[in-house]
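**Q** So that we are looking at the same thing, I have put the structure below in structure tokens.
The values are calculated or read from the model by the stated rules, or taken from the named source; none is laboratory data. Just so it is clear, the structure is predicted and the values come from calculations on it, not from any experiment. Note that each Cβ is placed from the backbone with ideal geometry, even for glycine, and that neighbours are counted across all protein chains shown.
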Ligand code: UDP
């Protein structure tokens, strides 16, 4: 019998990276019934995904008969990176990344060697975007690798061209938000909409500077691949046809948007949802398309004034709303005002409910949800497009402004809110939120058109991901390539 293809899927320990990596892992298993997958993230994240497991030991998923195994690697720290600890220690992220890169590369090498010694050798390493060394670790052992890009291919194209001859023009105009940068094959982009890691984080003093250096290393790594680098992207041809044509140097395969498995339940994640009943029963009692769902992902913080304006704006819409305010955000708000913080701020909720974490895909799939107020993390955007829910975009850092542009201008499935200029997070005023919600949920012709487009894109994405669809074919091409090389 020929050896079975075995994919080692490696990911950075953030929820927005773990979720699409795990969804891809499950799709690889479904696409190739003989394949094995080992899923690997840091020990700290692994313990949060599997709290009952013994420390630092693997776990397996019985749904896949032992074909899916979870084996952590070490980032050299005891506690990992605590989201937004840069607020109190500006060096926190950059210090963490130095340890992550050094210890991670060593530890992943050990995982590959241990799997080979167990008679379960890896045939392809698939690594998400903040682990550029993974390709070198694999290559040293003669194993081919593929990058898994979990942002739009448009953003990949921007980074690619920035690191291939266009850094100087961006650097020169980095303080001029309206300056239009022209990159090959792409529409002109305002400096303000470029990924913030290319405009703000290029300064060595920036708290997220190592995101910039890591991405620089990543694009250098891809250039070292022979004959060409393989890049799987969590997008589909239909969503990003133009941008796909703008990166010819690598083999770019759109394989998304990956969603949770068919059971409808979200995969093991770093955060655990509140009791389903709390919000699903509440949603069940609401009319179709009437609820505003609000969530800003797994990392973004919120100042007290932002929360107050948000709740005021939501009450002002007159619509019922479901709002995610994470535990760590509540804790930060409480310490800000000496104890009573969030409870006090949440006390006036009349028309809505607040949860600490929910199963977002399940919520977006509920017929009662009529719009999604989002920070435009790429997973959130894809989940909203796939479920046909129009968006109100409140982008902040990284790729989020670019993602909002795709939502508003390219697919026309949402509107972008204007925020007042208070640092990078911005402040969304209550009145602006109310106006934007009306633009996607109201009675105007424009709002009806946004809802119609959301329905169209939902269908297009379902087709891409369905049997014989464009993303399914790309994934099969990748799996077949891995099989040939076994
Ligand atoms: N998410 C969730 N429940 C919540 C809030 C977010 O399941 O209450 C998930 C969401 O479905 C998405 C991920 O967390 O898959 C957030 O990723 P995204 O790229 O949108 O943003 P990030 O957290 O990376 O900023």
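**Q** Kindly indicate the residue of the range 183-201 that is without any contact (Cβ under 8 Å) to a residue 40 or more places away in the chain and buried (at least 18 other Cβ atoms within 10 Å of the Cβ) and also nearest to residue 243 (Cα to Cα) among those meeting that condition.
**A** Out of the qualifying residues, it is 191.
**Q** Within the range 113-132, is even one residue within 26 Å of the chain's Cα centre (by Cα) and in a helix (DSSP H, G or I)?
**A** no
**Q** Follow-up question, since we're still on this one. Of the conditions (1) away from the ligand (no atom under 16 Å from the Cβ); (2) under 17 Å from residue 306 (Cβ atoms), residue 426 clears all except one; give me its number.
**A** (1)
**Q** Let me ask something else about it. Which of (1) in contact with a helix residue (DSSP H, G or I) (Cβ under 7 Å, 6 or more places away or on another chain); (2) assigned to a helix (DSSP H, G or I); (3) farther than 30 Å from residue 327 by Cβ is the odd one out, the single condition residue 212 does not satisfy?
**A** Answer for residue 212: the failing condition is (3).
**Q** Run residue 305 past the list (1) over 27 Å from residue 51 (Cβ atoms); (2) touching a helix residue (DSSP H, G or I) at 6+ places or on another chain (Cβ under 9 Å); (3) surrounded by fewer than 16 Cβ atoms within 10 Å (Cβ to Cβ) and report the number of the one that doesn't hold.
**A** (2)
**Q** Also, I was wondering about something else. Out of curiosity, is residue 76 over 29 Å from residue 468 (Cα atoms), part of a loop (DSSP other than H, G, I, E, B) and at pLDDT 95 or above?
**A** Against the criterion (over 29 Å from residue 468 (Cα atoms), part of a loop (DSSP other than H, G, I, E, B) and at pLDDT 95 or above), residue 76 qualifies.
**Q** Next up: Go through (1) part of a helix (DSSP H, G or I); (2) at pLDDT 95 or above; (3) within 16 Å of the ligand (Cβ to nearest atom) for residue 408 and report which single condition fails.
**A** (3)
**Q** All but one of (1) assigned to a helix (DSSP H, G or I); (2) closer than 27 Å to residue 401 by Cα; (3) touching a strand residue (DSSP E or B) at 6+ places or on another chain (Cβ under 9 Å); (4) touching a residue at least 24 places away in the same chain (Cβ under 8 Å) hold for residue 151, so report the exception by its number.
**A** The failed condition is (1).
**Q** Restricting to the range 323-338, count the residues that are in contact with a helix residue (DSSP H, G or I) (Cβ under 6 Å, 6 or more places away or on another chain) and within 16 Å of the ligand (Cβ to nearest atom).
**A** Total satisfying the criteria: 1.
**Q** Give 7, 12 a once-over and let me know the one that is buried (at least 21 other Cβ atoms within 10 Å of the Cβ) and within 16 Å of the ligand (Cβ to nearest atom).
**A** One residue alone meets the criteria, 12.
**Q** Follow-up question, since we're still on this one. Residue by residue through the range 282-305, note down the ones that are away from the ligand (no atom under 12 Å from the Cβ) and at pLDDT 95 or above.
**A** 282, 283, 284, 285, 286, 287, 288, 289, 290, 291, 292
**Q** From (1) without any contact (Cβ under 8 Å) to a residue 60 or more places away in the chain; (2) touching a strand residue (DSSP E or B) at 6+ places or on another chain (Cβ under 6 Å), pick out the condition that doesn't hold for residue 368.
**A** Failed condition: (1).
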